[in-house]
1. Please report, for the Cα atoms of the chain, the Rg to one decimal and the Dmax as a whole number; what are they, in angstrom?
2. GNM on the chain, C-alpha springs below 10 Å: top fluctuator among R11, R36, R102?
3. Take the stretch 1-92, compute every pairwise Cα distance, and split them into 5 Å bins from 0; I just need the percent in each bin.
4. Might you report the magnitude of the Cβ-based charge dipole of the chain about its Cα centre, with Lys and Arg at +1 and Asp and Glu at -1, to the nearest 20 debye?
5. Rounded to the nearest 500, what is the 222 nm mean residue ellipticity of the chain from helices alone, with -39500 (n - 2.57) per DSSP H run of 4+ residues and division by all residues?
6. In nanometres, what is the gap between the two model label sites at R102 and R12, each 7 Å from Cα along Cα-to-Cβ?
7. Considering the dipole of the chain built from charges on the beta carbon (Lys and Arg +1, Asp and Glu -1) around the Cα centre, which of G63, S7, V78 is farthest to its positive end?
8. Just to verify a number: what accessible area does S46 come out at with the full protein assembly present, 1.4 Å probe, Å² rounded to tens?
Amino acid sequence: MSWLPRSPRARRRLIVLLAVAPVLALAVGLSLWAMRGSVTYFFSPSEVTEAAAPAGRNIRLGGLVVAGSVQRRADGEVAFTVTDNAAETPVIYRGDLPDLFREGQGIVAEGAFDADRVFHARQVLAKHDETYMPREVAERLKAQGEWRPEAGGAPTAAGA
C-alpha cells in the first residue's frame, strides 16, 4: 500500500473522499438523466432533419409565417407554413392563435413532428412588436445571408 499517505489523518481524508466521490457522481448522473426529457431544442426549418428532430420529440420551431399559407379549418385547426428563407415546414395548430400572429411575421412554435414530417404545435408564440425577432432566428438568418435589416433588428441587450 505504498500509494496511501503515511499520515493517519491524510489517509482518513483520502478514504472519505473516495467514499463520497462515487455517491456524488451517481447523484449528478441521476439528476441529468431525469432532466433529459424536459430539454426543448430550437430549430429553424432548414435545420429540421429526421435525425435532428425525430417524430414525437418535443422541439421549438422558429421562423417567418409564409404569406398566403394560413388556412383556418372548420374543425378549429389552423394550418400554415414557417420558413427561414432557405426551407419551409408545414405546421398545424389547434387553438386560439396569439393576437399578433399574422403572415410574414416571426413566430416560435413548440410541439413535435408526426411520421409525415408535419409539425403539430401545442403552443404558438408571436412577436411582440414591429422590430422583434427571436434571437436564434435572427442569428440563423444572418448566418445564411438572408437577413433583411429593413424588416427589423434583432433584440438588443437593452430591448430584450
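The values are calculated or read from the model by the stated rules, or taken from the named source; none is laboratory data. Being a predicted model, the structure only gives us computed values, none of them experimental. Positions of Cβ are generated from backbone atoms using ideal geometry, with glycine treated the same way; all protein chains shown enter the neighbour counts. These accessible areas exclude ligands, DNA and RNA; they are computed on the full protein's heavy atoms, side chains included. Shrake-Rupley method; radii C 1.70, N 1.55, O 1.52, S 1.80 Å.
1. Answer for the chain, Rg first and Dmax second: 23.9, 81 Å.
2. So, out of R11, R36, R102, the one fluctuating most is R11.
3. Binned Cα distances yield the sequence 2, 11, 13, 11, 10, 8, 6, 5, 5, 5, 6, 5, 4, 3, 2, 1, 0.
4. On the way: 19 positive and 18 negative charges, 337 e Å.
Dipole of the chain, to the nearest 20 debye: 1620 debye.
5. Working: 2 runs with 37 residues, N = 160.
That comes out to -8000 deg cm²/dmol.
6. In this crude spin-label approximation the distance works out to 7.5 nm.
7. Comparing the listed Cα positions along the dipole, S7 ranks first.
8. Counting only protein heavy atoms, the figure is 50 Å².
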